Structures are given as structure tokens and as C-alpha cells.
1. Determine by what factor the alpha-carbon radius of gyration of the chain differs from 2.2 N^0.38 Å, reporting the quotient.
2. Mind listing the phi-derived Karplus ³J(HN,Hα) values for the stretch 220-234, rounded to whole Hz, using 6.51, -1.76 and 1.60 with θ = phi - 60°, and x for any glycine or proline?
3. Charges on Cβ only, +1 for Lys and Arg, -1 for Asp and Glu, centred on the Cα centroid of the chain; of Gln302, Ile148, Gln351, which one is farthest towards the dipole's positive end?
4. Ignoring ligands, DNA and RNA, what accessible area per residue does the chain give at 1.4 Å, in Å²?
5. Per 5 Å bin, what percent of the C-alpha pairs of the stretch 147-188 does each bin hold, from zero upward?
6. With contacts defined as alpha carbon pairs under 8 Å and 6 or more residues apart, what's the relative contact order of the stretch 64-191 in percent?
7. For Leu371 and Ala181, compute 0.36 nm times the residue count separating them, minus their Cα-Cα distance, and round to one decimal in nm.
8. Calculate the spin-label point distance for Ala43 paired with Met360, positioning each point 7 Å from the Cα along the beta-carbon direction, and give it in nanometres.
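The values are calculated or read from the model by the stated rules, or taken from the named source; none is laboratory data. Treat the numbers as computed from the prediction; the structure is a model and nothing was measured. Using ideal geometry, Cβ is built from the backbone for each residue, glycine included, and neighbour counts are taken over all protein chains shown. Ligands, DNA and RNA are excluded from the accessible area calculation, which covers all protein heavy atoms including side chains. Shrake-Rupley method; radii C 1.70, N 1.55, O 1.52, S 1.80 Å.
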Amino acid sequence: MTPYIKGWCPGAYHPMMSGDGLVVRVRPRLARLTAKQMLGLCAAATRYGNGTIDLTNRANLQLRGVRENDHGALLDDLAKQGLLDADPAIEMRRNILVTPLYTPEDLSVRLAQRLSDRLVDLPQLPAKFGFAIDSGPVRMLAGCSADIRLENGPTGLILRADGAETGRQVTEADAIDHLIALACWFADIRPDQTRRMARLIAECDLPKAWLGAEPGPAAPPCQPGPCDAGMIFGAPFGQLEADALASLMQQTNAPALRVTPWRMFLLENVTTTESAAFITSTGDPILATDACPGAPYCPQAQAETRTIARELAPRVAGSLHVSGCAKGCARSIPADVTLVGRDGRFDLVKQGCAGDEPTMRALTANDLLRLGDLT
């Protein structure tokens, strides 16, 4: 069966139907929820959904298994918690990724707030079109999904179109004006089928006004453990059990939670390194493992994914991706080992993506376990 690619992401007002009910996305401002908001969201996940919350690679949160007749009540709940824009059009445009280790008044925060205030000035853009505010001393979001990036370079702040090697020198005062102008250029010139900036840049030349300034050095993603802002925890496959997260927040007395785009979250002003439910060690093989919800939670998945992913993770020397179908939603870049569900079994792809030609086909879970080191 050829998977159907919808080409859009769920929102709060526009949820997506999955195999276990509606998927409702929450876009927290600055990727941050206060303790009261996070505890309220955990309660909502249990009251209206299946009790789980997913972390996305856009540093958003998703409630799963929401019943259709509860969607309106959930929206009211989110609005009361300050987690929902009153205007559905603005809520869909607020695809702003912020470097997670910001301080409360730093440049990234100021730029993100100014962009949030100017969302109404953006042109009509594809649903997945997003922005990265990455103005810390090193670029932390270089490998994350975004179409227009504000980054620090050797000579100061630059605005860079995704897919372009260099960007435009800007200042804090004019950065958002130039960002909106670049978004307008994309909206005016793009072919109807072009959804993302990098694809457009590959098809046509970017005007020289947007080129010339080199980006600064990039840093690897965060890892579990203490940091200047608090403590970072990993979530297996990006899934949070609402009850476990609420318990951790209450035990640590964390004032707020920040979401990262790496299936991790940061509890502000926390120093504890103990958690039975979440990952606190950089050596855990689950950190190098991606697995979508799989069957029966996704209607397109052709195999259950996360049980076999947990079993195989310690056996793979490198990255592992277990996908319920050939779409590969959990990981868009190649993995050392990729397993693709097909009719209840798995095809094996080495050094590739879910849609690539497999090395071996129709393997059962027992077959995979007997193979030993899959790499």
C-alpha cells in the first residue's frame, strides 16, 4: 500500500484523525509552559485523550486519542490555560522554533516575541512553513526543520533562507521586516506544488540581496543532564506519559517546562537527575532510536513499531528508525538501520530512509532478533 502524505501538520483548531482518535497540536509560546499550564495540559491529556503527550520536532506538543465530541471542550480548556490563539489563522502560522537554552531577556526571546506580534503581516504560506530563531553563541537548530532562519554569524545576526549556504546581514531592529520580506518573496515566486524553502532554492536562484553573510558554527543537539537553565530529560520516542510527567514536575517543583525539537524537555531551575519514566543518561540507546506510533495508532501503519524498537535499540551500533510505513514520519534523514512496516512484517534498509530500496524484505520480529547486529 502506498502511504498517503497529507502535506500538513495538525493544529489545535484543525486536528488530524489517527487510528486512536484526533491528534491535537499545542504550540507553546517560546516553547515554554509554566508549571500550571503543563499540569493543566497533563490533566487534559487524560480527560480528553489517551493520557499521552507527544513531543514534535518543531518543539510542539501533541495530545493523542482525543475523542471527536470532546474537541470543543478541549479547545476551551486550552484557551483558559493561555495555550491557544483566539484567531485560528494566527494559531496555524505560529510555527516558530526557538533555541531552547535561552535566557529570559536574550536576543532570541526578543526576536521570537516580535515575530509573534507580526504573524498577521505574513503572506499566505504552506502549512509546514516555519521559522527558526537561533541567535545564541552557537547555532543549535541547524539540523532542525525551518524555512527561514535568524542566526548569529561571525559578524552578527543574519537572516538565511533554508537551503542557502549564506544569508543576509540584519540588525535586531530590522530583522523581522526582512524576514517578512523573504517570506513574501517565497510566496510570490514559488510554484504551486512547492511547500518548503529549500526545495525552491534548489529550483531557482535566490536574489543576491539575501546572500553573502556566513552563518556561525553549529552545535550538536542537547543531551540529557544538567544545563545552565535546569535539567534536560529524554522521552522515549518523544512520548510523555501525562501522569508520569505531572508527578515529576510536582516532585521537582519546576517552575516551567521547555520543549526541545529533539524528543527532550527541560525543567527550569531543577538539579535532580533521577527519573524512572524518562531518560537521564546520554548513553541510553533509545536516544538514537526513532519510532512512529505505528499500528494500530496510525491508520497507515502496517506494523507495530515501538516494542520491536525497544528490543533492537541495544543491538544497533548507530541510529535506528522503525517506521510503520514508507512515509517515515518519525525521521526524515537517513539512519544506519531503518525498518519499514509492510503487511505485518518489516523491510530492512541500511544507511537510508524509509522510502529507500530495502536490503532485505518481509522479516518478522523474530527474524530481526536472530540477525544480531543489524548494521
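1. Compared with the compact-globule rule of thumb, the chain sits at 0.98.
2. Computed from phi, the couplings for the stretch 220-234 are x, x, 4, 10, x, x, x, 9, 4, 8, x, 10, 9, 10, x Hz.
3. So the residue furthest toward the plus end is Gln302.
4. Accessible area per residue: 43 Å².
5. The percentages, shortest bin first, are 6, 25, 36, 23, 8, 2, 0.
6. Once divided by the residue count of the stretch 64-191, the mean separation gives 18 percent.
7. 63.0 nm is the gain from fully extending Leu371 to Ala181.
8. Placing both labels 7 Å beyond Cα along the Cβ direction yields 5.0 nm.
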